[in-house]
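Only one structure is covered here, and it is reproduced in the block below.
The numbers here are math on the coordinates, done by the rules we state, and not lab data. Being a predicted model, the structure only gives us computed values, none of them experimental. Positions of Cβ are generated from backbone atoms using ideal geometry, with glycine treated the same way; all protein chains shown enter the neighbour counts.
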2 protein chains.
Amino acid sequence: MNSIEAACVERNIRMTRQRKVISKVVAESSGHPNVEEFYELANAINPKISLATVYRTLKLLEQCNIIRKLELGKGKARYEEVDICHEHYHLIDLDTGEIIEFYDEHFKNLKEKIARELGYQLDSYNIELYGRSLKGKEKD
Amino acid sequence: MNSIEAACVERNIRMTRQRKVISKVVAESSGHPNVEEFYELANAINPKISLATVYRTLKLLEQCNIIRKLELGKGKARYEEVDICHEHYHLIDLDTGEIIEFYDEHFKNLKEKIARELGYQLDSYNIELYGRSLKGKEKD
DNA sequence: CTATGTGCAAAGGGTTTGCAGGGGA
DNA sequence: TCCCCTGCAAACCCTTTGCACATAG
């Protein structure tokens, strides 16, 4: 059983055929796929799974804190598996669209400190950097 | 002439009646209005201005670096006047939707340092904190 | 067996666009 | 004058939803 399905079982989520397929696809994916990509991967396993079900299942997984939705700009949402042990942020390569994860201790502490100073209890955050590679790698 | 219109003139942007009205409305607004709010404000001055024109003008202003578009979540985009002298970030009150601007020297330096360390030239960023007020002000 | 999930297609919300007519410089 | 801008409505894109049928437990 894959990590996503295990997390579902742990939360007593009813495991339908479709949810098993989508869980597998999410567990085995790397990078930050969007809904359509998950849909295609799921369809490669079971061509009858509908886009609506993929949307509904991803929303369910998100609400159960199993995956996290990334809304970079107004385009399609992307997803990543939640890993509470490794908080991280994202740097997006403007030329390739590549999403680089990074961690920084100062960032982590700073955002909590700032929220507190402003009189707020930090709930969540959105930290994205956009940039271009300095390594002269021209790519399309 | 207001600050937005002045910035347009400086960039040789053709000033139509509609653009003058929208510029005025943007210049005089406070907070972070969304397109519909600008549309209503503009219509209070000239009821014939269309939503499409508001969208087109805001996009123009954004492309000319006169205003900045904030995409907080997937809802309606919000806007603020660009002020290169006062870089800042946003904290969003989850209960009221209020957007609090803040500045932090460490944040500013940190993001540039991190991008550089990852081999990137920082182009832009998106830093939003979401939280709830500690001041026990229950509001709707 | 029953509550819950699914597929389909239509609806939804925000934003963009094609086109024909209008109007700055 | 000439090209750019505008209003209108339709189109777009991503996502959600109503409904009738299917199915996990």
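GNM on chain A, alpha-carbon springs under 10 angstrom: the most fluctuating residue among A:66, A:99, A:114 is A:114. Taken over segment B:48-87, the ratio of Cα radius of gyration to 2.2 N^0.38 Å equals 1.28.
Computed from the Cβ-Cβ distance with R0 of 22 Å, the FRET efficiency linking residue A:132 to residue B:74 stands at 0.25.
Residue-wise HN-Hα couplings along segment B:38-55, as the Karplus relation 6.51 cos²θ - 1.76 cosθ + 1.60 with θ = phi - 60° gives them from phi, are 5, 4, 5, 4, 5, 5, 5, 8, 9, x, 8, 5, 8, 4, 4, 5, 4, 4 Hz; Gly and Pro carry x. The Cα center of segment A:73-95 and the Cα center of segment B:70-130 differ in position by 16 Å. Only alpha carbons enter this Debye calculation for chain A, each as an equal point scatterer, and the log10 of I(q)/I(0) it gives at q = 0.11, 0.15, 0.18 Å⁻¹ is -0.51, -0.86, -1.09.
Which one of A:51, A:61, A:110 has the biggest mean-square fluctuation once chain A is modelled by GNM with Cα springs under 10 Å? Residue with maximal mean-square fluctuation among A:51, A:61, A:110: A:110.
Using only the C-alpha atoms, the convex hull of segment B:15-73 corresponds to 82 Å³ per residue. Between residue B:116 and residue B:99, the contour length at 0.36 nm per residue exceeds the alpha carbon distance by 3.2 nm. Computed across the protein assembly as shown, the Kirkwood hydrodynamic radius from all distinct Cα-Cα pairs reaches 21.5 Å. Candidates B:120, B:52, B:94 compared by Cα position along the dipole of segment B:1-134: farthest toward the positive end lies B:52, with charges placed on Cβ.
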